[in-house]
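Worksheet for the structure shown next.
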Amino acid sequence: MTTTTATSPVLEASGVTMRFGGLTAVRSVDLTVNSGEIVGLIGPNGAGKTTFFNCLTGLYVPTEGKVSYKGTVLPPKPHLVTSAGIARTFQNIRLFANMTVLENVLVGRHTRTKEGLWSALLRGPGFRKAEAASRERAMELLEFIGLAHKADHLSRNLPYGEQRKLEIARAMASEPGLLLLDEPTAGMNPQETRATEDLVFAIRDRGIAVLVIEHDMRFIFNLSDRVACLVQGEKLVEGTSEVVQGDERVIAAYLGTPFEGAPGAEELAEVEAAEAAEATGTPETAEAPEATETPEAAETPEAAESDAAAEGTTSKEGNAQ
């Protein structure tokens, strides 16, 4: 018999919109993640996936809309979001390179310890007991991800795939009810990707709901109970893997085939530039990078060959004159 908690919402994002000046990176996105569920978030480059993640975790304050965790509206502060029960990893690895593997996981425990400054300075019985409990929990998590034997190694000396695992363990150290993973298999080989898939399933089996961004379509469709596709900051479609894979608009978005209302290369470049400016703190008037990642801006080999041939012909004519 299925219990009520098995399908109760953990995360509810309603009408989330994020604007950078006059640019809209995320537009009125609704998304629900239920307990015991793995939800995938896909979309071409510049679709607003990471911006949406940042709105969910308090790094950005949404221009419009609200985000709720287990029925409570979240404050737009990252540490308060983590304390509430949402943890995340980042697209780019953000480990403490000069700290050990164990110390990195212990950092993730800070929201679950109650000892203050005086307790830490005096190092009384309560502090020592809490410290021992945190170390025990951290070692359990390292055992869970298969890195207990490297607890004393510096994190910078770990192979890339193990650094990704360590980031997940550090996020889990805050005892979340929802884990957000931003491209967890980026840069991994097929064996590491399969191991990550097994790890995410094991995390779900521990009762932690998962929301994951990923560009590896085989990984995301094998993993997810539901998949939502963002295009130009708007949710294009949401459903099972089979439904999303078969949607012509999703196929068009990934193949670069224009569809009604599709963004152009210049629009995508402006959004990407605005996101980069927000992340680095540079003025929003900074020049937008070339939209080399968008299908519309990519030059085909045939076009390049044609241009080269045309230039060669012109050169020959000039020499003849």
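From the set of residues in region 107-146 that are β-branched (V, I, T) and either over 25 Å from L80 (Cα atoms) or part of a loop (DSSP other than H, G, I, E, B) (or both), which is modelled with the lowest pLDDT? Before you say what the answer is, go through the steps one by one.
Start the filter on region 107-146 by keeping residues that are β-branched (V, I, T), which leaves 107, 111, 113, 145.
Subsequent filtering for residues that are either over 25 Å from L80 (Cα atoms) or part of a loop (DSSP other than H, G, I, E, B) (or both) retains 113, 145.
Working: T113: 63, I145: 93.
In this case the residue turns out to be T113.
So that you can scan it fast, the table gives a plain yes or no per residue for (1) surrounded by fewer than 21 Cβ atoms within 10 Å (Cβ to Cβ); (2) more than 26 Å from A138 (Cα to Cα):
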residue: V10; (1), (2): no, no
residue: V16; (1), (2): no, yes
residue: G40; (1), (2): no, yes
residue: A47; (1), (2): no, yes
residue: C55; (1), (2): no, yes
residue: V61; (1), (2): yes, yes
residue: G71; (1), (2): yes, yes
residue: K77; (1), (2): yes, no
residue: L80; (1), (2): yes, no
**OP:** Tell me which residues, restricted to region 8-43, are farther than 20 Å from L74 by Cβ and without any contact (Cβ under 8 Å) to a residue 40 or more places away in the chain.
**Re:** G22
Original post:
So L179 fits all but one of (1) out of contact with any Phe, Trp or Tyr (no Cβ under 8 Å at 6 or more places or on another chain); (2) not in a strand (DSSP E or B); what number is the exception?
Top reply: (2)
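One line per residue, one yes/no per condition, for (1) among the basic types (K, R); (2) under 25 Å from the mean Cα position of the chain (by Cα); (3) closer than 16 Å to F201 by Cα; (4) surrounded by 21 or more Cβ atoms within 10 Å (Cβ to Cβ):
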{"position": "K129", "(1), (2), (3), (4)": "yes, no, no, no"}
{"position": "S134", "(1), (2), (3), (4)": "no, no, no, no"}
{"position": "Y160", "(1), (2), (3), (4)": "no, yes, no, no"}
{"position": "L166", "(1), (2), (3), (4)": "no, yes, no, yes"}
{"position": "M172", "(1), (2), (3), (4)": "no, yes, yes, yes"}
{"position": "G177", "(1), (2), (3), (4)": "no, yes, yes, no"}
{"position": "L180", "(1), (2), (3), (4)": "no, yes, yes, yes"}
{"position": "E183", "(1), (2), (3), (4)": "no, yes, yes, no"}
{"position": "M188", "(1), (2), (3), (4)": "no, yes, no, no"}
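What strands (runs of 3 or more DSSP E), lying completely within region 200-255, carry at least 2 residues that are without any contact (Cβ under 8 Å) to a residue 40 or more places away in the chain and surrounded by fewer than 23 Cβ atoms within 10 Å (Cβ to Cβ)?
In region 200-255, the matching strands (runs of 3 or more DSSP E) lie at 234-239.
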Original post:
Pairs under 6 Å by beta carbon, first residue without any contact (Cβ under 8 Å) to a residue 60 or more places away in the chain in region 129-150, partner basic (K, R) and in a helix (DSSP H, G or I), six or more apart or different chains?
Top reply: I145/K165
Original post:
Out of curiosity, is L80 more than 15 Å from G15 (Cα to Cα) and hydrophobic (A, V, I, L, M, F, W, C)?
Top reply: yes
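The values are calculated or read from the model by the stated rules, or taken from the named source; none is laboratory data. As the structure is a prediction and not an experimental result, all values here were calculated from the model. Quick reminder, even Gly has a Cβ in these numbers, built from the backbone with ideal geometry, and neighbours come from all protein chains shown.
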